[in-house]
């Protein structure tokens, strides 16, 4: 390829990505299409064989890659789905192979056309890391801590400062970049770095979930395999404070996560099984009873929703973007985090493609990107926080109460109406807008159900709407 052709393909010099976990990996993959060099700064000592790294304690728990996220990953990493399937990660229709217990009953087992795949975070991240680090443009600097941003000119970031090794008093150095991406997750120090540059960030939004996860992996016997790949019971305020999910994953295993609102599902074997037996979906306990091998049990309590509103920063620096949990952390029970990070990476790819095609520089891209991320986050944030707010009787905004009232009746319809259930599945998997759940045909059924059930309205929602 000629030098001119290379310049057209990679019009920019160096990008630095702070954070080498999932969001950093998918973003680095995108940047490799546009930059001569992409450097991943990762605090932990990881390599191409590392899966979930030590800095991600949530990585031991059940993860959901929604259909939308799976589609994006397959575009970015062609053949990934088959690679994971070959390792034993099943691919299936969401409606046919999930035993889903809604608050109103078991969802219909029907074909929805929504295809998903289940696997551990460890296996997904290990395979993504191998692919990304195998790209000639990408360099990993493991065991490296980013200590701040480097300003070049008024309102522009031109690189980062960093320190090698674990010694917090060690010598720092600088690394120049045409674009800096913060993908350092929920422990991101970007707010402090921006403050040091004189940039004011509005206070972050926090909605406490008060949910604890306890999870284990165990063997999935080949004989007598059940007719599902996922068994699920969802949390639902205020009547369902205990829940859990069982996922068929690679290596002939199950991943089981038990959830408790304001309580900690036990980590000891007897207590774990007893908790599973208290669930209305019996399949989790049934499969736990069949296990002959198991891996260590892990607990995770840091599941609050937190949104750093970078889209509202008026003097956002040029050549700096933030993605993934560094911007917004969701309660993992809704399975949105992995998919949202993939959507952000795809958005960045589309914006850089337009800049390259027009022969323009990177100036102005960062501010527009963060604003668009803000708009993208609104729907998943609303879904997650509306549900979590209903656990708090003293803080239930009118919008959350109305949504909860509607969802309660929607579930009553969905357990009897496969078409409505299929719409819900598409919305949950982010392949369709939530607006389809308010289509007149659906709304009429929900309101009919409500009219038949007026005396139960206060019981179901815990609040009247007046």
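Can you confirm whether residue 49 is at pLDDT 95 or above, surrounded by fewer than 24 Cβ atoms within 10 Å (Cβ to Cβ) and either out of contact with any strand residue (DSSP E or B) (no Cβ under 7 Å at 6 or more places or on another chain) or not in a helix (DSSP H, G or I) (or both)?
On the way: at pLDDT 95 or above: no; surrounded by fewer than 24 Cβ atoms within 10 Å (Cβ to Cβ): yes; either out of contact with any strand residue (DSSP E or B) (no Cβ under 7 Å at 6 or more places or on another chain) or not in a helix (DSSP H, G or I) (or both): yes.
Here the answer is no, as residue 49 does not meet what is asked.
Assuming residue 384 fulfils every condition listed in (1) out of contact with any helix residue (DSSP H, G or I) (no Cβ under 6 Å at 6 or more places or on another chain); (2) in a helix (DSSP H, G or I); (3) modelled with pLDDT under 95 apart from one, which condition is it?
(1)
Are any of the residues in segment 135-151 assigned to a loop (DSSP other than H, G, I, E, B) and without any contact (Cβ under 8 Å) to a residue 12 or more places away in the chain? Working first, answer last.
Here is the first cut: in segment 135-151, the residues assigned to a loop (DSSP other than H, G, I, E, B) are 135-137, 142-143.
So of that shortlist, the ones also without any contact (Cβ under 8 Å) to a residue 12 or more places away in the chain come out as 136.
There is at least one residue in segment 135-151 that is assigned to a loop (DSSP other than H, G, I, E, B) and without any contact (Cβ under 8 Å) to a residue 12 or more places away in the chain.
Considering only residues of segment 207-223 that are touching a residue at least 40 places away in the same chain (Cβ under 8 Å) and not in a strand (DSSP E or B), which is farthest from residue 89 (Cα to Cα)? Full working, then the answer.
Step one: of segment 207-223, the residues touching a residue at least 40 places away in the same chain (Cβ under 8 Å) are 207-221.
Still in the list and also not in a strand (DSSP E or B): 208-210, 220-221.
On the way: 208: 33, 209: 30, 210: 31, 220: 12, 221: 15 Å.
The extreme case among them is 208.
Sort out which residues of segment 164-187 are surrounded by 15 or more Cβ atoms within 10 Å (Cβ to Cβ) and modelled with pLDDT of 95 or more, and write them in order of number.
Matches in segment 164-187: 175, 177, 178, 179, 180, 181, 182, 183, 184.
Run down 424, 438 and say which single residue is touching a helix residue (DSSP H, G or I) at 6+ places or on another chain (Cβ under 9 Å), buried (at least 21 other Cβ atoms within 10 Å of the Cβ) and not assigned by TED's automatic domain parsing to the domain that holds residue 327. Talk me through it step by step, then tell me what you get.
On the way: 438 fails: buried (at least 21 other Cβ atoms within 10 Å of the Cβ).
Sole residue among the options that is touching a helix residue (DSSP H, G or I) at 6+ places or on another chain (Cβ under 9 Å), buried (at least 21 other Cβ atoms within 10 Å of the Cβ) and not assigned by TED's automatic domain parsing to the domain that holds residue 327: 424.
Of all residues in segment 56-94, count the ones that are in contact with a helix residue (DSSP H, G or I) (Cβ under 9 Å, 6 or more places away or on another chain) and closer than 20 Å to residue 340 by Cα.
24
Might you check whether a residue that is crowded, with 17+ Cβ neighbours inside 10 Å, farther than 30 Å from residue 182 by Cβ and touching a strand residue (DSSP E or B) at 6+ places or on another chain (Cβ under 9 Å) occurs anywhere in segment 218-227?
Restricting attention to segment 218-227, the residues satisfying the condition of being crowded, with 17+ Cβ neighbours inside 10 Å are 218, 220.
In the following step, the residues that additionally are farther than 30 Å from residue 182 by Cβ were identified as 218, 220.
From what is left, the residues that are touching a strand residue (DSSP E or B) at 6+ places or on another chain (Cβ under 9 Å) are 218, 220.
Within segment 218-227 (the criterion being crowded, with 17+ Cβ neighbours inside 10 Å, farther than 30 Å from residue 182 by Cβ and touching a strand residue (DSSP E or B) at 6+ places or on another chain (Cβ under 9 Å)), the answer is yes, since at least one residue qualifies.
I'm trying to understand the selection: among the residues of segment 188-214, which are on the phi > 0 side of the Ramachandran plot and surrounded by 14 or more Cβ atoms within 10 Å (Cβ to Cβ)? Step through it out loud before you land on a result.
Residues of segment 188-214 on the phi > 0 side of the Ramachandran plot: 198, 210.
Scanning segment 188-214 gives a single hit, 210.
Has segment 31-42 got at least one residue that is in a loop (DSSP other than H, G, I, E, B), within 21 Å of the chain's Cα centre (by Cα) and in the same structural domain as residue 332 (by TED's automatic domain parsing)? So that I can check it myself, show each step before the final result.
Step one: list which residues in segment 31-42 are in a loop (DSSP other than H, G, I, E, B), which gives 32-34, 42.
After this cut, where a residue has to be within 21 Å of the chain's Cα centre (by Cα) as well, the list is 42.
Filter once more, so that each one left must be in the same structural domain as residue 332 (by TED's automatic domain parsing): 42.
Yes, segment 31-42 contains at least one residue that is in a loop (DSSP other than H, G, I, E, B), within 21 Å of the chain's Cα centre (by Cα) and in the same structural domain as residue 332 (by TED's automatic domain parsing).
What is the number of the single condition among (1) modelled with pLDDT of 95 or more; (2) surrounded by fewer than 17 Cβ atoms within 10 Å (Cβ to Cβ); (3) within 27 Å of residue 204 (Cα to Cα) that residue 398 does not meet?
Checking residue 398 against (1) modelled with pLDDT of 95 or more; (2) surrounded by fewer than 17 Cβ atoms within 10 Å (Cβ to Cβ); (3) within 27 Å of residue 204 (Cα to Cα), the one that fails is (1).
I'd like the full set of residues that are buried (at least 22 other Cβ atoms within 10 Å of the Cβ) and under 19 Å from residue 411 (Cβ atoms), limited to segment 238-251.
Scanning segment 238-251 gives 243, 244, 245.
Keeping to segment 366-391, report how many residues are in contact (Cβ under 8 Å) with a residue 40 or more places away in the chain and surrounded by 17 or more Cβ atoms within 10 Å (Cβ to Cβ).
Count: 17.
Residue by residue through segment 77-94, note down the ones that are more than 17 Å from residue 123 (Cβ to Cβ) and surrounded by 20 or more Cβ atoms within 10 Å (Cβ to Cβ).
Correct list: 94 only.
To keep it simple, each residue is scored yes or no on (1) surrounded by 20 or more Cβ atoms within 10 Å (Cβ to Cβ); (2) outside the structural domain of residue 181 (by TED's automatic domain parsing); (3) under 16 Å from the mean Cα position of the chain (by Cα); (4) closer than 29 Å to residue 15 by Cβ.
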| site | (1), (2), (3), (4) |
| --- | --- |
| 265 | yes, yes, no, no |
| 273 | no, yes, no, no |
| 321 | yes, no, no, yes |
| 326 | yes, no, yes, yes |
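The values are calculated or read from the model by the stated rules, or taken from the named source; none is laboratory data. This one's a predicted model, so the numbers in the text were calculated from it and none came from an experiment. In this analysis, Cβ positions are derived from the backbone assuming ideal geometry, glycine residues included, and neighbour counts consider all displayed protein chains.
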